[in-house]
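K.L.:
Can you read through this structure? Questions will come right after.
The values are calculated or read from the model by the stated rules, or taken from the named source; none is laboratory data. Remember, it's a predicted structure, so these values are computed and weren't measured experimentally. All Cβ positions, even for glycine, are placed from backbone atoms using ideal geometry, and neighbour counts span all protein chains on display.
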Amino acid sequence: MSFRGLFKWAGVCALVFAGVGLVGYLISLATNGFMMASTTAPSPDRIIQMALARGNQVASRLDLLSYLIWIPALVGIFGYLRERTPGRAYIGASLAGLGVVGFLATSVIGSAMIGFAQGPVTESLKQQLTMLDQIAFSFQMQALLAITVCNLLWGMALRSQGGLSKLVGNLFLAQVAVFLLTNVAFIANSNRILNIGILLFNLAFIATFAFAGVMLWREAQKEPEISLTGEMKTRAAGASA
């Protein structure tokens, strides 16, 4: 089966996804500042403030749209690994699917919170937003855990291929290392380490899909291997004699 068309489309999606991810993160930085995340839960007033910020509203829309290109990019990487290390490819794909569902739920809840925050500020609204924020955080952590294990499996699989694949594999593993760093930040209750970890994770995440896009595009440009049937081999042998 030829995956050339899939690799070409997935490569484009991965490159565009990396660009959208970079733009979204820069908008968040410009809107909320470098110390945007905290090891403690945000107050209701802080949730409303962030929900009303124009930059966060734009970033939320970009985030929701990005799933249309993130999923094809993941399918392309799965197809690339399926031909080489099917075991890790399938297990990683299952975990990636769980991660995408968790992140999508987080994004949808975040978008709903922005909508709710447009109304009159009441104690009931603050309670609802606090509850939704906790639910979104729960989905996000489960998604991060699933994606991290996927990154570990796919990273090790890609590193064994050499060349550009090895670089992409190292970037997947870099995401795993940074995820562990952010967990250390939570344990140490250090907002600075947490935000440094988030910065490094976003850079590694964006770079992973940028180079994965190039990897898939190059794979699509390769000439397909032609396998000879028994009859063709017989004719070729006769011609050479």
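Yes or no, residue by residue, for (1) surrounded by 15 or more Cβ atoms within 10 Å (Cβ to Cβ); (2) of a type outside the set (S, T, Y):
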{"position": "S66", "(1), (2)": "yes, no"}
{"position": "G76", "(1), (2)": "yes, yes"}
{"position": "R84", "(1), (2)": "no, yes"}
{"position": "G87", "(1), (2)": "no, yes"}
{"position": "L104", "(1), (2)": "yes, yes"}
{"position": "S111", "(1), (2)": "yes, no"}
{"position": "V121", "(1), (2)": "no, yes"}
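K.L.:
Being part of a loop (DSSP other than H, G, I, E, B) and not aliphatic (A, V, I, L, M): is that true of G119 here? Steps first, answer last, please.
P.N.:
On the way: part of a loop (DSSP other than H, G, I, E, B): yes; not aliphatic (A, V, I, L, M): yes.
Here the answer is yes, as G119 does meet what is asked.
K.L.:
A further question on this structure: Can you name every residue in region 25-37 that is touching a residue at least 24 places away in the same chain (Cβ under 8 Å) and either surrounded by fewer than 20 Cβ atoms within 10 Å (Cβ to Cβ) or within 19 Å of K222 (Cα to Cα) (or both)? Write out each step before concluding.
P.N.:
Taking region 25-37 as the starting set, the residues that turn out to be touching a residue at least 24 places away in the same chain (Cβ under 8 Å) are 25, 27-28, 30-32, 34-37.
Once the filter is applied, which keeps residues that are touching a residue at least 24 places away in the same chain (Cβ under 8 Å) and either surrounded by fewer than 20 Cβ atoms within 10 Å (Cβ to Cβ) or within 19 Å of K222 (Cα to Cα) (or both), region 25-37 yields Y25, I27, A30, T31, N32, F34, M35, M36, A37.
K.L.:
For T106, are the conditions met, namely being in contact (Cβ under 8 Å) with a residue 60 or more places away in the chain and not acidic (D, E)?
P.N.:
no
K.L.:
For R84, all conditions in the list (1) more than 17 Å from F209 (Cα to Cα); (2) assigned to a helix (DSSP H, G or I) hold save one; what is the number of the exception?
P.N.:
(2)
K.L.:
Looking at L152, L132, L144, L173 in this structure, which one is within 20 Å of N202 (Cβ to Cβ), out of contact with any Leu (no Cβ under 8 Å at 6 or more places or on another chain) and surrounded by 16 or more Cβ atoms within 10 Å (Cβ to Cβ)?
P.N.:
L144
K.L.:
Identify all residues within region 38-64 that are within 15 Å of A117 (Cα to Cα), of a type outside the set (G, A, S) and in contact (Cβ under 8 Å) with a residue 60 or more places away in the chain; write none if there are none.
P.N.:
P42, P44, D45, I47, I48, L52
K.L.:
Do you know which residues across region 1-24 are surrounded by fewer than 19 Cβ atoms within 10 Å (Cβ to Cβ), in a helix (DSSP H, G or I) and either modelled with pLDDT under 90 or among the basic types (K, R) (or both)?
P.N.:
Listed by number, the residues that qualify are R4, G5, K8.
K.L.:
Is region 54-63 home to any residue that is part of a helix (DSSP H, G or I), out of contact with any Gly (no Cβ under 9 Å at 6 or more places or on another chain) and within 25 Å of R218 (Cα to Cα)?
P.N.:
no
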